[in-house]
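Heads up, the thing below is written out as structure tokens.
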Amino acid sequence: MSDTPELTTYELGGQGVGVLRLQRPSARNAINTQMLAEMLEHLAVARADQAVRVLLLSSADPMGLSAGADVKEDLQEEGKVRRMQLFADLYDAIVGFPKPTIAVCHGDVVGGGAEIAIACDMRVGGSNLRMRFPGAALGVPVGPARLVTLCGLAAAKYLLLSSRTVGAAEALRLGLINRVAPAALTEQAAAELAAEIAAHPPEAVARLKQMLHEWDDVEGRSRIEGEGQVEWQRSGPGLPDGR
């Protein structure tokens, strides 16, 4: 068993609401290889558990869900490709999760953190939300597959090509988030939404989600985009090295 402290946690609470939480506040929840592997393992456990009705993705840091990929992580080229593959796998695992998913979007929700949020079915934003998709600024070919489905082509162009940061009010107007809550109560508000959904017959909820995804094909587009971002890391410039 590894002595490395876990950087994420997962627990199943009351009413069938599972919570996958990032807990690396010292690094603003910047996502490294370990975190990606842990999240994928937690998602597999939650997916196999019939008691799970809704899954929340949150963080232990009320100042941010995640600042994005940890570009300071010390990796060789092969490790960078593996990390990008894990990111692609994570986005696909969240998009394809059979039960409803809700992202708790308090504080910084940037880059990979923003992609995790929009891979979820719903998002509750904190009043301190700062959401940004920096793909254009960093040259990363990621975002359109899920963002267009979420808020439409025009808004996706605006967000992706400008790489601008949006706050809670603008995010709500653009359809990036479904509700706004006081910053300190963001997870509580998301849990209340989860409880509303969990009260419905789980088979009907899962079937409706499946139908929506079949008609929209967001899962297929997410998979194709992931293949492209991995190839970009392998044969293109890749993520900037912050070392």
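Principal axis extents for the chain, Cα atoms only, whole Å, descending order, please.
49, 47, 35
Treating the beta-carbon of each Lys and Arg as +1 and of each Asp and Glu as -1, no other charges, what is the dipole magnitude of the chain about its Cα centre, to the nearest 20 debye?
In total the dipole reaches around 680 debye.
Can you compute the charge dipole magnitude of the range 121-243 about its Cα centre, using +1 on each Lys and Arg Cβ and -1 on each Asp and Glu Cβ, nothing else charged? Give it in debye, rounded to the nearest 20.
Roughly 480 debye for the range 121-243.
Taking every Cα atom in the range 19-147, find the radius of gyration and the maximum pairwise distance Dmax, and write them in Å.
Every Cα atom of the range 19-147 included, Rg and Dmax give 13.8, 42 Å.
Tell me, what % of the accessible area of the chain is carbon and sulfur with a 1.4 angstrom probe?
Exposed carbon and sulfur together represent 56 percent of the surface.
How large is the dipole of the range 74-176 about the Cα centre if only Lys and Arg carry +1 and Asp and Glu carry -1, each at its Cβ, rounded to the nearest 20 debye?
In debye, rounded to 20, the range 74-176 gives about 320.
Provide the gained length on full extension for the span residue 26 to residue 164, in nm with one decimal, where the gain is 0.36 nm per separating residue minus the Cα-Cα distance.
Difference between extended and current length: 47.2 nm.
Enumerate the amide H contacts of residue 181 below 5 Å, restricted to partners 5 or more residues apart or on another chain; note that Pro and chain-start residues carry no placed amide H.
125, 126, 127
Tally the DSSP beta bridges in the chain and give the antiparallel ones as a percent, rounded to 5.
Given both bridge residues lie in the chain, the antiparallel proportion sits at roughly 25 percent.
Taking R0 as 41 Å, what FRET efficiency do you get between residue 221 and residue 9 from their Cβ-Cβ distance, rounded to the nearest 0.05?
Approximately 0.85, to the nearest 0.05.
Going toward the positive end of the dipole of the chain, with +1 on Lys and Arg Cβ and -1 on Asp and Glu Cβ, which of 15, 163, 226 do you reach last?
Farthest towards the positive end: 163.
Give the shape of the range 106-243 as rounded, prolate or oblate, defined through the alpha-carbon gyration tensor: a ≥ b ≥ c are the square roots of its eigenvalues, a/c under 1.5 means rounded, and otherwise the shape is prolate if a/b is larger than b/c and oblate if not.
oblate
Can you tell me the length gained on complete extension of the stretch residue 208 to residue 155, counting 0.36 nm per residue apart and subtracting the Cα distance?
16.5 nm
Given a 1.4 angstrom probe, what's the average accessible area per residue across the chain, in square angstrom?
Normalised by residue count, the accessible surface of the chain is 45 Å².
Can you compute the helix-only [θ] at 222 nm over the chain? Use -39500 (n - 2.57) per DSSP H run of at least 4 residues, normalise by all residues, nearest 500 deg cm²/dmol.
Computed ellipticity for the chain at 222 nm equals -15000 deg cm²/dmol.
Where the centre of each part is set by its Cα atoms, how far does the range 1-64 sit from the range 146-178, in angstrom?
Centre-to-centre distance over Cα atoms comes out at 25 Å.
More than 16 angstrom separation, counting every C-alpha pair in the range 143-192; what % is that?
45
From the gyration tensor of the Cα coordinates in the range 66-139, what semi-axes in whole Å does the equivalent ellipsoid have, largest first, with each one equal to sqrt(5λ)?
Over the Cα atoms of the range 66-139, the ellipsoid semi-axes are 23, 17, 9 Å.
The values are calculated or read from the model by the stated rules, or taken from the named source; none is laboratory data. Source: prediction; values computed, not measured. Don't worry about glycine lacking a Cβ; one is built from the backbone with ideal geometry, like all the others, and counts go over all protein chains shown. Accessible surface areas use protein heavy atoms only, side chains included; no ligands, DNA or RNA. Shrake-Rupley method; radii C 1.70, N 1.55, O 1.52, S 1.80 Å.
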